[in-house]
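Encoded as C-alpha cells, the structure appears first; notes follow it.
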Amino acid sequence: MATTRTFKVWRGDAKGGEFQRFEIEVDEGMVVLDVLHRIQARQANDLALRWNCKAGKCGSCSMEINGKPRLACMTRMNSLPEGETITVQPLKTFPVMKDLVTDVSWNYEQNRRIPKFQPKPRDSDGAYRMYQEDVDRVQEFRKCIECYLCQDVCHVLRDRDGREQNSFVGPRFMIRLASLEMHPLDTADRIPAVRDEFGSGMCNITKCCTEVCPEHIHITDNGIIPLKERVVDRFYDPIAMLMRKIFG
Amino acid sequence: MAPHPSAVGGHVEGFGATERKDGWWVEPAVTAVVFLTFVVYTTWAALQGVHYHWGPYLSPFYSPLLFAAPGDEAGLHHAWFGAWPTWWPSFLPASPAVLILAFPGSFRFTCYYYRKAYYRSFAGSPPGCAVGPLAGNRPYRGETFLLLFQNLHRYAMYFAVLFVFILSYDAIVSYWWDGRIGVGVGSIILTLNAVLIGAYTFGCHSFRHMIGGGTDCMSCGKATLKYGAWKKATWFNERHMEFAWLSLVWVMVTDLYVRLLSAGVITDLNTWSR
Ligand code: SF4
Ligand code: SF4
Ligand code: FES
C-alpha cells in the first residue's frame with residue numbers, strides 16, 4: 001500500500017546549500033534509492049546522486065540517511081520508522097560536488113601510496129600454490145566494494161585532521177594493507193610503513209567502521225588490530241624483538 | 001518545499017551533534033554505569049583487606065594471595081609466602097589485593113574491546129558513530145604519543161594467561177575442605193569465574209596474534225597445531241565483548257559472595273554440611 005513520506009534532502013554544491021523538503025508517495029518494497037529516483041523524476045529533475053548496480057555491490061550510492069552512513073540501495077523504507085522525516089545528506093568526510101555526490105578521489109590517492117603485491121618466486125613447476133586455510137583471512141577483505149562508508153564514519157578522517165594531513169589512510173586501506181600483509185604469497189614488508197606512514201596508531205578501535213560496513217567485514221578485529229599487533233611485534237615487544245634477533 | 005538553512009552537506013557540528021534518530025547514546029551510557037560500578041566496587045573491595053576468604057574459597061580480587069592480610073591467621077593457608085611483610089610502608093594500604101590488582105586491571109584497561117567502550121563512554125572520542133566528538137578541533141594523535149602505552153597490552157596478556165591458571169587452581173581447591181572433597185555454591189561460583197575469565201582471556205586479540213595470527217602461512221597445507229589453536233582463539237575472539245562483560249560482572253559477584261559468607265551475612269549451601 002502506498003504511503004506518503006517526508007524527505008529532507010540536502011541540495012547544493014561546494015559553496016553551500018540547504019535542505020529541501022519533499023512529500024513523496026512510497027510503495028511497498030521500496031528502498032531509499034527508489035524514492036530518490038522518484039523525487040528526481042517527479043519533483044527535482046536536477047537532483048544529483050550516484051548509483052550503478054542497485055544491488056549493494058558497486059559501492060556508488062553511499063550517503064547519510066538519518067545521520068548514518070549507508071547505501072541508499074540497501075536501506076529499505078520499511079526499516080525507517082513511519083511518520084519520521086527521512087534526512088538524506090552527502091557523506092560528511094569528502095568534499096561535496098553537487099547535492100548527494102561527493103568527491104572521493106582522496107581515497108584513490110591513498111590506495112596509490114600502498115606498496116603493491118610482491119609475490120614470491122613460482123614453484124619449480126611454474127605454479128603458485130597456496131592453501132585455502134591460509135587465504136581464508138584475506139578473502140574476507142576481498143569482499144570490500146569500496147563504498148567508503150567506513151572512511152566516511154571514521155572519526156579520524158571525519159572530525160579530526162587525519163585526512164587533511166594524510167596521517168591516516170583510513171579503515172578501507174588498513175584492510176587493503178592487511179590483505180597484502182597476511183597474504184601467504186606476498187614478500188613485501190609494509191609493517192614500518194603501517195605505523196609511520198599509514199598511521200595505525202591513529203585508530204583508537206572505536207569500531208564505527210565495522211558498524212557501517214555493508215559487506216560485514218570485521219575491519220577492526222580481523223584487519224586493523226592484527227596489523228597493530230604486528231606493529232607491536234616490531235616496535236614495542238622486546239621479547240619478540242629478541243627472538244627475531246636470535247632466530248632471524 | 002521550505003528551505004532549511006545549513007552548512008555544506010547540512011552536517012551539524014559540536015559534541016554530541018548528529019542527525020541520528022536512534023538511541024545511539026544508550027550503549028555508552030550503560031557502559032559508563034557498569035564500568036563505574038565495577039571500578040568503585042573493586043577499589044572498595046580491594047582496600048578492605050578483610051572478608052576475602054571463607055573456608056576453601058578465596059576472592060578473585062585477592063588471588064594469588066601472596067601474603068595474608070595483617071593479623072589474618074585464618075588466611076595463612078591461602079597465602080603463598082605467609083604473613084604480611086613487616087617492611088610494608090605504613091602509608092600504603094595494607095591489603096593483599098593492592099599487590100596484584102594492577103595485572104588484571106591493566107589487561108582490561110588496555111583490552112582492544114574495552115578501548116572501544118571507554119573511548120566512547122568517557123572520552124567521547126567519538127561518543128557514537130557519526131556523532132560529534134568531545135574534542136573536535138584539537139590536534140588528534142590517537143594511540144600515538146600519550147596513549148602509546150596501549151601497546152603494552154601484549155605484556156598484560158602474558159600475565160592474564162597466568163591468572164587464568166591461578167584462578168583455575170582456586171576453583172579446584174574450592175572443592176576440597178579439611179581433607180574432604182565436596183561442593184558448595186561457592187565452588188560453582190568460583191569455577192564459573194575461572195571459566196569466564198578464561199573465555200575472556202583466550203579471546204584476547206594479542207593472544208590470538210601470538211598463537212598463530214602473526215604468521216601468513218599458518219598451515220601451508222598441513223594440519224598444524226597452530227592453525228587449530230588460532231581457530232579456537234578466533235571462536236572466543238568473536239565473542240570477546242560478551243565474555244568481557246560476563247567475566248567483569250561475575251568477578252564482582254564472586255568477590256561479593258565470598259565477602260558475604262565471610263562476614264556471616266549469608267550461609268553457603270554445601271556438602272561438607274557446615
Ligand atoms: S576503529 Fe579505527 S579505523 Fe575504524 S572508525 Fe574507529 S578509528 Fe576509524
Ligand atoms: S571496508 Fe566495508 S565499508 Fe569500507 S569501503 Fe569496503 S565495503 Fe565499504
Ligand atoms: S547502487 Fe551499487 S551499491 Fe548501491
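If I filter the range A:228-247 for residues that are part of a helix (DSSP H, G or I), out of contact with any Lys or Arg (no Cβ under 9 Å at 6 or more places or on another chain) and aromatic (Phe, Trp, Tyr), do I get at least one hit? Yes: the range A:228-247 contains one or more residues that are part of a helix (DSSP H, G or I), out of contact with any Lys or Arg (no Cβ under 9 Å at 6 or more places or on another chain) and aromatic (Phe, Trp, Tyr).
Screening A:Ala188, A:Ala178, A:Ala240 for residues that are more than 26 Å from B:Ala156 (Cα to Cα) and small (Gly, Ala, Ser) leaves exactly one candidate, A:Ala188.
Looking across the range A:51-71, the residues that are away from ligand 2 (no atom under 14 Å from the Cβ) and of a type outside the set (Phe, Trp, Tyr) come down to A:Asn52, A:Lys54, A:Ile65, A:Asn66, A:Gly67.
Remark: pairs (first residue in the range A:126-138, in contact (Cβ under 8 Å) with a residue 40 or more places away in the chain; second residue part of a helix (DSSP H, G or I); Cβ separation under 7 Å; 6+ apart in sequence or on different chains) = A:Arg137/A:Asn222; A:Val138/A:Ser179. Residues that are under 15 Å from B:Tyr112 (Cβ atoms), among the aromatic types (Phe, Trp, Tyr) and more than 16 Å from ligand 3 (Cβ to nearest atom) do occur in the range A:226-239, at least one of them. Restricting A:Gly83, A:Gly67 to residues that are surrounded by fewer than 21 Cβ atoms within 10 Å (Cβ to Cβ) and among the small types (Gly, Ala, Ser) narrows the list to A:Gly83. Exactly one residue out of A:Val169, A:Val156, A:Val194 is more than 9 Å from every other protein chain (Cβ to nearest Cβ), away from ligand 3 (no atom under 16 Å from the Cβ), in a helix (DSSP H, G or I) and in contact with a helix residue (DSSP H, G or I) (Cβ under 7 Å, 6 or more places away or on another chain): that is A:Val194.
Can B:Gly264 be described as at pLDDT 95 or above and assigned to a loop (DSSP other than H, G, I, E, B)? Judged against the criteria, B:Gly264 is a match. Hey, does the range A:201-222 have a residue that's away from ligand 2 (no atom under 15 Å from the Cβ) and part of a helix (DSSP H, G or I)? Yes: one or more hits. From the list B:Val98, B:Val185, B:Val173, B:Val195, the lone residue that is over 30 Å from B:Gly14 (Cα atoms), surrounded by fewer than 19 Cβ atoms within 10 Å (Cβ to Cβ) and without any contact (Cβ under 8 Å) to a residue 40 or more places away in the chain is B:Val195.
When you scan the range A:140-147, do you find a residue that is facing another protein chain (nearest Cβ under 9 Å) and surrounded by 24 or more Cβ atoms within 10 Å (Cβ to Cβ), even just one? Checked against the condition, which is being facing another protein chain (nearest Cβ under 9 Å) and surrounded by 24 or more Cβ atoms within 10 Å (Cβ to Cβ), the range A:140-147 yields no hits at all. Sub-6 Å Cβ pairs linking a first residue in the range A:162-178 that is at positive phi and within 11 Å of ligand 1 (Cβ to nearest atom) to a second residue that is part of a helix (DSSP H, G or I) and at pLDDT 95 or above, at least 6 apart or interchain, are A:Gly170/A:Gln151; A:Gly170/A:Leu157, ordered by first then second residue.
For the range A:41-63, give me each residue that is within 15 Å of ligand 3 (Cβ to nearest atom) and within 14 Å of another protein chain (Cβ to nearest Cβ). A:Ala48, A:Leu49, A:Ser62, A:Met63, listed by residue number.
Of the residues making up the range B:207-238, those that are in a loop (DSSP other than H, G, I, E, B) and surrounded by 14 or more Cβ atoms within 10 Å (Cβ to Cβ) are B:Gly214, B:Thr215, B:Asp216, B:Cys217, B:Met218, B:Ser219, B:Cys220, B:Thr224.
All of A:Glu140, A:Glu109 fail the test of being in a helix (DSSP H, G or I), farther than 22 Å from A:Pro214 by Cβ, away from ligand 3 (no atom under 16 Å from the Cβ) and not basic (Lys, Arg), apart from A:Glu109. Filtered by the rule that a residue be more than 10 Å from chain A (Cβ to nearest Cβ) and without any contact (Cβ under 8 Å) to a residue 60 or more places away in the chain, the range B:158-168 gives B:Phe159, B:Ala160, B:Val161, B:Leu162, B:Val164, B:Phe165, B:Ser168.
Whether any residue in the range A:208-216 is at the interface with chain B (Cβ under 10 Å from one of its Cβ atoms), of a type outside the set (A, V, I, L, M) and within 16 Å of ligand 3 (Cβ to nearest atom) is what I want to check. No, the range A:208-216 has no match at all. The combined condition, being more than 20 Å from A:Pro214 (Cβ to Cβ) and touching a Gly at 6+ places or on another chain (Cβ under 6 Å), is not fulfilled by A:Val135. One residue stands out among those in the range A:113-137 that are under 21 Å from the mean Cα position of the chain (by Cα) and at pLDDT 95 or above: the one that is nearest to the other protein chains (Cβ to nearest Cβ), which is A:Phe117. Taken as a whole, the condition of being in a helix (DSSP H, G or I), free of Cβ contacts under 8 Å to residues at least 24 places away in the same chain and closer than 24 Å to A:Ala240 by Cβ does not apply to B:Leu152.
The values are calculated or read from the model by the stated rules, or taken from the named source; none is laboratory data. Because the structure is predicted, anything quoted here is derived from the model rather than measured. Heads up, the Cβs are rebuilt from the backbone with ideal geometry, glycines too, and the neighbour counts pull from every protein chain shown.
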